[in-house]
Amino acid sequence: MSSKIKLGIIGGGGDSLIGVLHRIASFINDNYEIVGAVFNPVWEENIGFAEKIGVNTNRIYPDFDTFIAKEMALPSSERIEVVSVLTPNFLHFPMAKKLIENGFNVICEKPLTTTFDEAIILQKALEKAKTIFAVTYTYTGYPMVRQMREMIKNGEIGDIQKVDIQYYQGWINPIIHKKELRSTIWRLDPKKAGISCCIGDIGTHAFNMAEYLTGLEIKSVLADLNYLYEDNSLDIDGTVLIRYSENVKGVIRTSQIATGEENGLQVKIYGTKGGLKWEQENPNFLAVLSEDKPLQIYKPGHAYNCELSVNGTKLPPGHPEGIFDAMANIYLGVSKAIRKQPYNLGEFPLMNDGVRGMKFIEQCVKSHKDGNVWVAL
Ligand SMILES: NC(=O)c1ccc[n+]([C@@H]2O[C@H](COP(=O)([O-])OP(=O)(O)OC[C@H]3O[C@@H](n4cnc5c(N)ncnc54)[C@H](O)[C@@H]3O)[C@@H](O)[C@H]2O)c1
């Protein structure tokens, strides 16, 4: 019998953006097997997609409630062990809650929920169930991001004094100026996305980077968001000043109307002894800055990198790995937790990271609506 972890998938169908990333990621380290799913709420598309990609159709269920009922009726040795929730935002909370309450481990897409209150309910449910829960802030899976985290933790750039995270995309520009197109996008619909588009969708990744890398909590934010049109109810651009403390400050700059930009996440962190710069579109190069040495470029897979980073590469240096591998590293961390093997806390984002993300989204919107004022996180 296969020792692979039995994985279920909710959402992430053939029509989705993120489904393929999770499916490939789950295969990369040969440690998961997709054994059941509800890929799509439309049955023909759901079953058709399962047939196309070769998932056993006996465990393709018509909807989420049937998924839970049928899986719970199976002996625990046959039951799905972990479920990836890859649906639009508003479904994360009800689905993750029911999964946790029925004892499933969960890999949930970000943002964790649509409100901070929902996130707290999930957190409490998880404390009771004591199952494994990961939130897929994908960028934490990159070897060079992990290297940055360990270098900062080891004091290699000294005390942090300035953090600048930019996440610019342009994909909403051709949509936002045409009212009839806006309603075709769930990310611009508050019932499906929550109270924010840009900050909720990508600002939350930037915020996670700002806390994951520095190991510091952001204490307050001041946000200036842009909605462009009065009849557009969710932000599509925003600049957020962040304060970790009186002496540690920074900025998160996000946009989905940065015309022509693709997936431009850029991280710059400066300490008393040096700086680190990394960008998602060139993820295999980490710039290490100092005052008295020439610029150094670190690359993945070399023995000079830390264990957390080296363990996130599969091939010798010079074989570029990317976003699929980053997500696979998160899946690898989760598999260790499920199999009760030792793992580094940097290997996958936890429930608390998702909860912090929800607080960030809510407080950014509050800061903006209250007149661009500082609010505590
Ligand atoms: N981690 C990342 O970097 C990253 C990147 C993109 C998207 N996401 C997140 O992933 C989630 C999905 O985003 P997307 O862009 O793939 O959305 P999408 O609209 O492209 O796909 C959503 C999928 O969910 C399915 N679905 C909808 N309702 C369902 C239901 N009731 N039951 C089962 N399936 C259902 C749809 O059929 C579709 O296949 C969002 O929460 C988003 O924020 C994360």
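Each label was represented as a point 7 Å from its Cα along the Cα-to-Cβ direction; for residue 191 and residue 372 these points are 3.4 nm apart. Using bins of 5 Å that start at zero, the share of Cα-Cα pairs per bin across region 297-377 amounts to 3, 13, 16, 15, 13, 10, 10, 10, 7, 2, 0, in whole %. Placing dummy labels 7 Å off each Cα toward the beta-carbon, the span from residue 156 to residue 228 is 4.0 nm. Taking 0.36 nm per residue of separation and subtracting the current Cα-Cα distance, fully stretching the chain between residue 43 and residue 177 would add 44.8 nm.
Within the chain, DSSP assigns beta bridges of which about 60% are antiparallel (rounded to the nearest 5).
Report the Cα centroid-to-centroid distance between region 139-207 and region 52-68 in angstrom, as an integer. After rounding, the separation between the Cα centres reads 32 Å.
Based on DSSP H segments of at least four residues, each scored -39500 (n - 2.57), the chain has a per-residue ellipticity at 222 nm of -10000 deg cm²/dmol. Amide H contacts of residue 134: 106, 107, 108, each under 5 Å away and 5 or more positions distant or on a separate chain (H built 1.01 Å from N in the peptide plane; Pro and chain starts excluded).
In this structure, residue 216 and residue 2 have a Cβ-Cβ separation that, at R0 = 35 Å, corresponds to a calculated FRET efficiency of about 0.25. Proximity of backbone amide H atoms, modeled 1.01 Å from N, is registered between residue 37 and 9, 60, 61 at under 5 Å, excluding neighbours fewer than 5 places apart on the same chain. Residues within the reach of a label modelled at residue 69 (point 7 angstrom out along Cα to beta-carbon, backbone nitrogen below 12 Å), restricted to region 18-62, are 62.
Any idea what log10 I(q)/I(0) is at q = 0.10 Å⁻¹ for the chain, Debye with uniform C-alpha scatterers and no solvent? Values, matching the q order: -0.64.
Database remark: amide H of residue 275 closer than 5 angstrom to the amide H of 289, 290 (H placed geometrically; neighbours at sequence offset of 5 or more, or on other chains; Pro and chain starts carry no H). In loop segments of region 285-377 as defined by DSSP, the GluC sites (Glu not before Pro) with at most 10 further C-beta atoms inside 10 Å of their C-beta are 291.
Rounded to whole Å, the principal axis extents of the Cα atoms in region 5-138 read 39, 33, 30, largest first.
Where a number appears in this text, it was derived from the coordinates with a stated rule and is not lab data. In this text the structure is predicted, and so the values were computed from the model without any measurement. All Cβ positions, even for glycine, are placed from backbone atoms using ideal geometry, and neighbour counts span all protein chains on display.
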